[in-house]
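The values are calculated or read from the model by the stated rules, or taken from the named source; none is laboratory data. Only a predicted model underlies this, so the values are computations on that prediction, with no experimental measurement involved. Note that each Cβ is placed from the backbone with ideal geometry, even for glycine, and that neighbours are counted across all protein chains shown.
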């Protein structure tokens with residue numbers, strides 16, 4: 001399958017087109033044929049892009065952890081989804097991302113794509129929605145949002 005990988009160059013990380021083995025859905029996993037993917041510009045230098053969960057340096061990472069696509073395979077013990085479902089969501093930050101023809105996702109990190117959204121629109125939702133949710137949670141823990149900035153007022157919980 002075709003994919004975009006991060007290539008570390010002297011001038012900084014660059015994306016290059018590569019050919020990789022198509023992933024297979026393992027136990028509890030879903031294989032998604034990617035129709036659209038999102039990459040946050042700073043993602044190319046994030047810790048999960050440059051390191052494994054154990055802390056070792058990671059090479060040839062496939063970025064882009066928000067996507068929309070079609071389920072093509074379901075691993076054992078997956079419930080609530082079927083092959084052919086159109087879905088959108090995020091995948092594990094330490095796993096290869098969605099700037100590829102296929103990506104692996106966990107059922108708890110995806111949802112059925114609303115019919116009214118294009119794949120491109122659906123792929124742009126997950127990280128923005130996660131960020132908004134995190135801000136809302138922090139607001140109740142003493143944070144307030146002002147325009148595009150988050151200002152800490154206090155950190156005491158009621």
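Put simply, of 114, 126, 107 the only residue that is touching a helix residue (DSSP H, G or I) at 6+ places or on another chain (Cβ under 8 Å) and at pLDDT 70 or above is 114.
Restrict the check to region 76-86 and report whether at least one residue is part of a strand (DSSP E or B) and in the same structural domain as residue 31 (by TED's automatic domain parsing). Yes, there is a match, as at least one residue in region 76-86 is part of a strand (DSSP E or B) and in the same structural domain as residue 31 (by TED's automatic domain parsing). If I ask for residues that are in contact with a helix residue (DSSP H, G or I) (Cβ under 8 Å, 6 or more places away or on another chain) and without any contact (Cβ under 8 Å) to a residue 12 or more places away in the chain, which ones from region 13-57 would you list? Listed by number, the list holds a single entry, 57.
Kindly indicate whether any position in region 90-106 is farther than 26 Å from residue 16 by Cβ and either assigned by TED's automatic domain parsing to the domain that holds residue 17 or part of a helix (DSSP H, G or I) (or both).
yes
Could you grab me the full set of residues in region 53-65 that are surrounded by fewer than 13 Cβ atoms within 10 Å (Cβ to Cβ) and part of a loop (DSSP other than H, G, I, E, B)? 53, 54, 55, 56, 59 - these are the residues of region 53-65 that are surrounded by fewer than 13 Cβ atoms within 10 Å (Cβ to Cβ) and part of a loop (DSSP other than H, G, I, E, B).
Taken as a whole, the structure leaves residue 68 outside the set of residues that are out of contact with any strand residue (DSSP E or B) (no Cβ under 7 Å at 6 or more places or on another chain) and either at pLDDT 90 or above or surrounded by fewer than 13 Cβ atoms within 10 Å (Cβ to Cβ) (or both).
Keeping to region 1-44, report how many residues are surrounded by fewer than 11 Cβ atoms within 10 Å (Cβ to Cβ), part of a strand (DSSP E or B) and modelled with pLDDT under 85. The total comes to 2. Here residue 145 clears all of (1) assigned to a strand (DSSP E or B); (2) at pLDDT 75 or above; (3) over 12 Å from residue 31 (Cα atoms) except the condition numbered (2). Number of residues in region 84-98 that are touching a residue at least 60 places away in the same chain (Cβ under 8 Å) and under 17 Å from residue 125 (Cβ atoms): the value is 2.
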